[in-house]
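Peer 1: Structure below; questions to follow.
Read the figures in this text as sums done on the coordinates, not as results from a lab. Computed from a predicted structure; not experimentally measured. A quick note on method: Cβ atoms are made from the backbone with ideal geometry, for glycine too, and the neighbour counts reach across all protein chains shown.
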Amino acid sequence: MAADRTVKRKRKGSGSTGQGGELLLRQRTDPRSERRFEPKASLSLGLTLLGMSVAALLAGAAVYGQWFRAEEAGPHPVAPYLFVGAVLLGGAAGLFGQWSLKPIRVGDAGVGLENGPTEIERIGWHEVTGLLLSDDTLTVQGSGTAIAIPLRTHLPAASRVLAEVRRRIPARATDIKEGALPPPDDAAGEQRPLEPPQVAGLRCKATDKLIAFEADARLCGRCGELYHKDGVPPRCTTCSAPLS
Ligand SMILES: [Zn+2]
């Protein structure tokens, strides 16, 4: 009896928490959202830009010293060294500098990497095959694809991804220690609504039945797995969320 009282009541509009035995089956057009994380400018980015700038200055000085001095003065003896310096510094900044500074999305549609203003590479939670944490990167692996999240510039996004994986597909995060990343900050990232997914032409995960009409599609509210409305299993085949 005491246990019953502690079970969370299903709250109106509380979203897909899946607590207290609530069914997690979703229609395609049910509202979904995600957070968008801008990369944090870091010291190494500053050094990269500084290195590039100094290299450009050196190159400019070298060109001037070599070819544009007054004719009677001839090429400046230091000019070739400036060239070499510019090439080395520019090369080092380009090779070792930090350039992966794309915004990251984390939410109901999985993890997304913004390759351009309209081009977002996504891995849905149901497509995640593994999660790897190294000293400086959290890598989300899908089949034949991966999104690497640099901790230095994207720590809030990485924390959010790890927390979402633990909640939605916990089997994928068993290799990562508790407390390996700080807990997610609810104030980090800008909340945005998601468009309904494009599902016509895809197949039901449980029955392989073709989803010819988008109205026939059902989604797992926890991992985003896709089902035909006639083939919804009692529990999601991917994350075991209760569906029917
Ligand atoms: Zn699921």
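Peer 1: Pairwise over distinct Cα atoms, reciprocal of the mean inverse distance: report the Kirkwood radius of the chain in Å, one decimal place. Write out the running numbers ahead of the final one.
Peer 2: Working: mean 1/r = 0.0468 Å⁻¹.
About 21.4 Å, per the Kirkwood formula over Cα pairs.
Peer 1: Please flag any cysteine in the chain that has no other cysteine's Cβ under 4.7 angstrom from its own Cβ.
Peer 2: C204
Peer 1: I want to check the label-to-label distance for N115 and K229. Put each point 7 Å from Cα in the C-beta direction and report it in nm to one decimal.
Peer 2: Distance between the two pseudo-spin positions: 3.4 nm.
Peer 1: When a footprinting reagent is the concern and you count Cβ atoms within 10 Å, what order do H76, H154 take, fewest first? Kindly include the intermediate steps, with their values, before the conclusion.
Peer 2: Working: H76 17, H154 25.
Lowest count first: H76, H154.
Peer 1: Right, another one. About the Cα centre of the chain, what is the dipole size in debye to 20, counting +1 per Lys and Arg Cβ and -1 per Asp and Glu Cβ, all else neutral? Working shown, then result.
Peer 2: Numbers: 31 positive and 26 negative charges, 268 e Å.
Computed about the Cα centre, the dipole is about 1280 debye.
Peer 1: Using a 10 Å cut-off around each Cβ, can you sort D30, D208 from fewest to most neighbouring Cβ atoms? Intermediate values should be presented prior to the final figure.
Peer 2: Working: D30 14, D208 9.
By the 10 Å Cβ count, ascending, the order reads D208, D30.
Peer 1: Restricting things to alpha carbons, find the Rg to Rh ratio for the stretch 46-185 using the Kirkwood radius for Rh.
Peer 2: Values: Rg = 22.6 Å, Rh = 18.0 Å.
With Rg and the Kirkwood Rh in hand, the quotient comes to 1.25.
Peer 1: Turning to a different aspect of this structure: Which order results if F83, F37, F68 are arranged by neighbouring Cβ count within 10 Å, fewest first?
Peer 2: On the way: F83 17, F37 25, F68 9.
Ranking F83, F37, F68 by Cβ neighbours within 10 Å, fewest first, gives F68, F83, F37.
Peer 1: Using label points projected 7 Å from each Cα along Cα→Cβ, tell me how many nm separate A180 and V87, to one decimal.
Peer 2: 4.3
Peer 1: R69 to T29: extension gain in nm, 0.36 nm per residue of separation minus the Cα-Cα distance? Don't skip to the end; give the middle numbers.
Peer 2: Values: separation 40, 0.36 × 40 = 14.40 nm, distance 6.88 nm.
Fully extending the segment from R69 to T29 adds 7.5 nm.
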